[in-house]
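The values are calculated or read from the model by the stated rules, or taken from the named source; none is laboratory data. Fair warning: this is a prediction, and the values are worked out from it, not measured in the lab. Cβ atoms come from the backbone with ideal geometry, glycine included; neighbour counts cover every protein chain shown.
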Amino acid sequence: MTNHTGVFLVVSPIDISSRILGPSNNEIEFAKAVSVFGKTYLVVGIAAANLKSKSTHVIRLLGQFPSNLSVIVLPILARKYLSLIGELLFSTEACLVLMFLHMRFGIRKVIVRGNCEAAILSFMSHLMGLPLIYRAISTPISAYELGVFQYPKPVQMLLMRVMRFFDLVALTRADVIFTSSPSAKDLILSEVSVDKEKIVLMPYFIPDFFFSKRFSEREPLETDLRKIALTYVGSLNEFYDFDPLISAIWGLKNLGYKVELDIYGDGPMLESVSNRAAKLDLQGEIRIHSSIPRKRVPLIQRSATATLIPYSNRLQRGVSLKSIEAMAMGVPVIVSKRTDSIYVDGENCIVLQDNSTESWKCAIRDLLNSDLRHKLIVGGFETADMFNRVRLLATLKSQIA
């Protein structure tokens, strides 16, 4: 065996050929951070139909990446009723990769996202005497990684039981548990008997350019409030519900307000959002653009009055990376529901009482209050500091170096 100090295996069951880019962004930022401390192998999935264009998707995922980071792409099955089988197969493939890399290079630690993957890999890693870190990015004790809301109720309940089992195994067998939210620690401890000392807050890594002085001056943004310019940058999937928001913009237009919404993204809900805007004759007010590179986001967001997070009622808990990026840039945020304790209404964002048209109308009008805007910007900066790369690297070093 060839000994290499600081060799890490990061396993994440994301499909890099998916149009939903959020998880891909999260994984590459985390893998880049791990690679600071040693050679890192990132294991991700790709739909079988896209195997021939694997290189294209890897480049799309990584962009510029350090030489200390390598990507291993495995076939992943993401079909609706076969998704659980796909998780199991991917986990098995990842176990084989772990065996090979450990024999060849000597893996120091295994870091896994996804409860099914963490549960299965925990047995293999412990057999090899390797510590395993479970990244409970999705809210623990849930089945949302599989998108169970798309299934009939009986299937959904079955999958929730299976995924709960995997989560319990992963949480109890992991040597360290990374959580992305301050409230997740209490949730885990309320459900599982584990040593609280092994639960570590490890939020998403926000790239440094969101914290650049160019975009994060500690002063309120000078925006033209004769026009309320709203933005949404990210995936359009079933976790978001744009209908009440679009109806609110239509209502404000009829009241004489000039409100515009620019949407930058792609996903399965794109067509329905476009059709809803067209039905209310809002093509001029609601403009839908294709996805943009992450480094262009600050240029788009900087001129916005606010950025929006229109969560669906289907999403119970979670922290939107888009909201933290906006806070880091000094852009006020409106969230349609309080999915995590990190969102504090009137302090670092506006949180709707309910995801209704009237609530959206009131929140958008509140943006005209300059004192409130200033308070949200200052509070947003303080919240975003939790996600500062320098601070998180120190925490990561203490766990893996």
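Cβ-Cβ distances below 7 Å connect the following pairs, each with a first residue in the range 65-83 that is touching a residue at least 60 places away in the same chain (Cβ under 8 Å), a second residue that is assigned to a strand (DSSP E or B) and buried (at least 19 other Cβ atoms within 10 Å of the Cβ), and a separation of six or more residues or different chains: ILE76/PRO13; ILE76/ASP15; ILE76/GLY45; ILE76/ILE46; ALA78/ASP15. For the range 292-327, taking the residues that are out of contact with any helix residue (DSSP H, G or I) (no Cβ under 7 Å at 6 or more places or on another chain), within 23 Å of PRO244 (Cα to Cα) and surrounded by fewer than 17 Cβ atoms within 10 Å (Cβ to Cβ), the one that is modelled with the lowest pLDDT is identified as GLN316.
Is it true that LEU88 is closer than 17 Å to PRO23 by Cβ, modelled with pLDDT of 90 or more and out of contact with any Leu (no Cβ under 7 Å at 6 or more places or on another chain)? Give the derivation first.
Values: closer than 17 Å to PRO23 by Cβ: no; modelled with pLDDT of 90 or more: yes; out of contact with any Leu (no Cβ under 7 Å at 6 or more places or on another chain): yes.
Judged against the criteria, LEU88 is not a match.
Give GLY346, GLY330 a once-over and let me know the one that is modelled with pLDDT of 90 or more and under 25 Å from ASP208 (Cβ atoms). Talk me through it step by step, then tell me what you get.
Working: GLY346 fails: under 25 Å from ASP208 (Cβ atoms).
Just a single option satisfies the conditions, and that option is GLY330.
Of the candidates LYS337, LYS361, the single residue that is of a type in the set (Lys, Arg), modelled with pLDDT of 90 or more and more than 16 Å from the chain's Cα centre (by Cα) is LYS361. Residues in the range 128-144 that are assigned to a loop (DSSP other than H, G, I, E, B), modelled with pLDDT of 95 or more and buried (at least 19 other Cβ atoms within 10 Å of the Cβ): LEU130 alone.
Rundown of residues vs (1) under 20 Å from ASP15 (Cα atoms); (2) assigned by TED's automatic domain parsing to the domain that holds VAL176; (3) of a type in the set (Val, Ile, Thr), yes/no style:
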position	(1), (2), (3)
THR56	yes, yes, yes
SER67	no, yes, no
SER83	yes, yes, no
PHE105	no, yes, no
VAL112	yes, yes, yes
ALA119	yes, yes, no
SER125	no, yes, no
LEU130	no, yes, no
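Among the strands (runs of 3 or more DSSP E) confined to the range 8-127, the ones with at least 3 residues that are more than 19 Å from the chain's Cα centre (by Cα) are located at 39-47, 69-76. Number of residues in the range 302-327 that are out of contact with any Ser or Thr (no Cβ under 6 Å at 6 or more places or on another chain) and either outside the structural domain of GLY234 (by TED's automatic domain parsing) or under 17 Å from ASP208 (Cα atoms) (or both): the value is 6. Within the range 338-355, the set of residues being in a loop (DSSP other than H, G, I, E, B) and surrounded by fewer than 20 Cβ atoms within 10 Å (Cβ to Cβ) comprises ARG338, ASP340, SER341, VAL344, GLY346, GLU347, GLN353, ASP354, ASN355.
When the range 95-127 is examined, which residues are found to be modelled with pLDDT under 95 and among the aromatic types (Phe, Trp, Tyr)? Residue satisfying the conditions is PHE105 alone.
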